[in-house]
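The values are calculated or read from the model by the stated rules, or taken from the named source; none is laboratory data. All values reported here derive from a predicted model rather than from experimental measurement. Note that we place each Cβ from the backbone using ideal geometry, even for glycine, and neighbour counts take in every protein chain shown.
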Amino acid sequence: MRCPTCDRVVADADAGDGLCCGGVDLRWRCVKCAQLSEGFAFAYGLCPHCSGGLELLDGPRTDEIAAIEGIRAAFEIELGGRAFYQRAAADSVDPVLRALFRRFAVLEGEHMETLSRRHHVDVPGPSPALRIEVAAIYADVENRPQDPDNLFRIAIGLEQRAARFFDARAGKADPDSAERRLYRELADEEREHAETLATEYERWQTGQPGRFERRAPGDAAAAGAASINAAALLLQGHDPQRTALVCTTGETLSFGALRDRVARTAAVWRARGVGPGDRVAIKLADGPDWVVALLGTMWCGAIAVGVNRRVPAADWRYILDEAGFSVILSDTLDDTPAAWREQVLVPGDWHAALAAAVPVEARAMDEEAPAFWCHSSGTSGKPKAVVHAHRFARQIERVSREALGIVPEDRLYATSKLFFPYPQTNSLYAGLKLGATVILDPQWPTAASVAVTVAAQHPTVLLSVPSLYRSLLHEGHAPVIARCGVRLCVSAGEALAPSLRDEWKRQTSLTIVDGYGASETLLLVMLDRGDGHGHGASPGVEIHPLDAVPDGTPTRLCFRAPTLALGYLDRPQAQAENFRDGAFCPADLFVREKNGGWRFAGREDSLVKIRGRWVNLVELEERLSLQTPGIAEAAAVCVPDRDGVDAIALFFVARDAAAAAAALQAGAAAMPPHQRPQWLQAVDSLPRTATGKILRRRLQELHRAQS
């Protein structure tokens, strides 16, 4: 069902359990630096620029303030607590303290996730100016730099103050209300945390091993642990002279040179104190440096995290505070908040260290140890870090080899950027494991730039997304693809419309293989070859419906794959919802065809009920786009009308908006009433994530702003 206030899809069990804070717009002015800030909550209720006090300029109606204030203050406490633990973990030189504080950061994140789901507000971003001394003041504890005991005292003070706050809020809430139950639960958890910290502090003071102390995370030194290093496995067994990487800038690397640079990078990281469990961010343009840094991090046993260079500032701060990076390899200091700039290493300094380093052997790791993170390209909320283990490299090439027929002689070119798991997996990892050549391009892709790269580099395998295939068609570049030697086209990242595949085949004589995968599976777990059989399971993948439903009824699917992620970082509720019994169960819906294959039917939030009838928004978009000449793309969303009744708004992109709108109106008139869009809106482009998925919530917000 949907929340009547913000229209967010919520579980039935959560309906009516709490006040909706979705869409609450709060503006603040700092009493110290006078800067304006917008946001639902800030750590400790302090200015994100200078840590001064904040005063509310405008906000919700008077009758809502009391209820919303309690929820907002709870976010401030949890946000501040998590930020403190993340900073404490990053600043601590004691591995025991580092592990302890990272664990408590996860627990604070769990609290915020509970609040977020209950009250329908995205987890607020962190405060980049947060410092340990600010947390000390809030905890009413004297700050003593370089004093490890002080971190414990601050942490205990924070937990005790939080418990007192939640107790006070619970006392003011109605006795039988959901808010009272929630605040009681949070208060009990904070007291338990304080007691745990006090016990750990006592153990630490007396030299006893802490309950959270253990061997280096993922190290394969334990007896019986399955030993592996993903980077070494990807690069082993290839002719050292064979070309591994080709960049459009003119740089090439053989497998031998690549392996040498990776081993030297691991030595550089070790010299900086980076080891198992530590995180390294790679925030560079696509190219050999990106690949070397990523694989070098895995080689030394640390966790590699590729980051989008165009990530919004708020999301970048969120990722920084969540990850606690030991090194941030970036070509600039400018976009990293001051609190993290000491961790930034620019390419010039890295290259100098690389030249002087002596290659080291790959570190043997437990196969279940984290090797890298990728951030899920979800269409709402903050980025989720998906954690993958070293075992991913064992069968990462299987689908490419057995189902797509890719061989060492192939040249692979993925148009999407490497931070996106689709190209990272199916071009880079699979290509290296197979001994093929991987083509890299640092520029952001456009139809014209992709056509130029194909003409210059002559890839044999093209991996792209539907929106770019569509642009190649509309701008007249598609025929170039086949003429330049491409033999195989693969699509993933979003649904591939049958009309798009048909037109691509007509203009290029090439069939697009449509793959379905996810950040959580890495592999394309299902493939549709365009032969009328729908999507079928890829080699090594098992599929079963989440629920027993009749054929023709949309259902979620569960996927078992050898490359399945360990799960999400700091997202226990999302983990429980999507990872079940050793399988990944996404929110996407599929319908079983009569021939046994599966057809994509949208996400749970794209299957909506209008006038008591189910409407699939994805199918509606495809139908109207197919029958309307001049439509480049369209997206439908469910929004309430003035009476609060759900209806459909269709946003579309067309060169002649007026003509397209008239044609859409005529096409919609022939549809059943429950399927007809009530609003038609021309836009210059559809809002998408960095990986190409439509941001439907952004369209809903646009509709509300124009209503």
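Name the pairs: first residue in the range 614-637 and at positive phi, second residue surrounded by fewer than 22 Cβ atoms within 10 Å (Cβ to Cβ) and acidic (Asp, Glu), Cβ to Cβ under 6 Å, at least 6 apart or on different chains?
Short answer, once both residue conditions are applied: Gly630/Asp656.
If you check every pair at least six apart or on different chains, which have Cβ atoms under 7 Å apart with a residue in the range 26-49 that is β-branched (Val, Ile, Thr) first and a residue that is in a loop (DSSP other than H, G, I, E, B) second?
Between residues of the range 26-49 that are β-branched (Val, Ile, Thr) and residues that are in a loop (DSSP other than H, G, I, E, B), the close pairs are Val31/Gly52.
What is the number of the single condition among (1) exposed (fewer than 13 other Cβ atoms within 10 Å of the Cβ); (2) at pLDDT below 85 that Gly157 does not meet?
Of (1) exposed (fewer than 13 other Cβ atoms within 10 Å of the Cβ); (2) at pLDDT below 85, only one is false for Gly157: (1).
Does Ala135 meet the test of being in a helix (DSSP H, G or I), buried (at least 16 other Cβ atoms within 10 Å of the Cβ), at pLDDT 60 or above and out of contact with any Pro (no Cβ under 6 Å at 6 or more places or on another chain)?
Working: in a helix (DSSP H, G or I): yes; buried (at least 16 other Cβ atoms within 10 Å of the Cβ): yes; at pLDDT 60 or above: yes; out of contact with any Pro (no Cβ under 6 Å at 6 or more places or on another chain): yes.
Judged against the criteria, Ala135 is a match.
Are any of the residues in the range 462-472 at pLDDT 95 or above, charged (D, E, K, R) and in contact with a helix residue (DSSP H, G or I) (Cβ under 9 Å, 6 or more places away or on another chain)?
Among the residues of the range 462-472, not one is at pLDDT 95 or above, charged (D, E, K, R) and in contact with a helix residue (DSSP H, G or I) (Cβ under 9 Å, 6 or more places away or on another chain), which makes the answer no.
From the residues in the range 684-694 that are modelled with pLDDT of 80 or more and of a type outside the set (Gly, Ala, Ser), which one is surrounded by the fewest Cβ atoms within 10 Å (Cβ to Cβ)?
The initial filter retains those residues of the range 684-694 that are modelled with pLDDT of 80 or more, namely 684-687.
Retained after the next criterion (residues that are of a type outside the set (Gly, Ala, Ser)): 684, 686-687.
On the way: Asp684: 6, Leu686: 18, Pro687: 17.
Looking at residues that are modelled with pLDDT of 80 or more and of a type outside the set (Gly, Ala, Ser), I get Asp684.
Out of (1) touching a Gly at 6+ places or on another chain (Cβ under 8 Å); (2) modelled with pLDDT of 90 or more; (3) within 22 Å of Arg82 (Cβ to Cβ), what's the single condition that is false for Gly301?
(3)
Out of all the residues in the range 405-438, which are among the small types (Gly, Ala, Ser) and at pLDDT 95 or above? Please lay out each step first, then the result.
At the first step, the residues of the range 405-438 found to be among the small types (Gly, Ala, Ser) are 405, 414, 416, 427, 430-431, 435-436.
Hits for the range 405-438 are Gly405, Ala414, Ser427, Ala430, Gly431, Gly435, Ala436.
Hey, Glu213 hits all of (1) among the charged types (D, E, K, R); (2) at pLDDT below 80; (3) touching a Gly at 6+ places or on another chain (Cβ under 7 Å) but one; which does it fall short on?
(3)
Mind listing whichever residues of the range 437-484 are part of a loop (DSSP other than H, G, I, E, B) and closer than 20 Å to Gly250 by Cβ?
Once the filter is applied, which keeps residues that are part of a loop (DSSP other than H, G, I, E, B) and closer than 20 Å to Gly250 by Cβ, the range 437-484 yields Asp441, Pro442, Gln443, Trp444, Pro445, His458, Pro459, Cys484.
Basic (Lys, Arg) and surrounded by 14 or more Cβ atoms within 10 Å (Cβ to Cβ) - does that describe any residue in the range 572-584?
Within the range 572-584, the first condition is being basic (Lys, Arg), and the residues that meet it are 580.
Subsequent filtering for residues that are surrounded by 14 or more Cβ atoms within 10 Å (Cβ to Cβ) retains none.
No: the range 572-584 contains no residue that is basic (Lys, Arg) and surrounded by 14 or more Cβ atoms within 10 Å (Cβ to Cβ).
Every residue, every condition in (1) touching a Leu at 6+ places or on another chain (Cβ under 6 Å); (2) modelled with pLDDT of 90 or more, yes or no:
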site: Arg529; (1), (2): no, yes
site: Ala537; (1), (2): no, yes
site: Val541; (1), (2): no, yes
site: Leu546; (1), (2): no, no
site: Cys558; (1), (2): yes, yes
site: Ala561; (1), (2): yes, yes
site: Gly567; (1), (2): no, yes
site: Gln573; (1), (2): no, no
site: Cys585; (1), (2): yes, yes
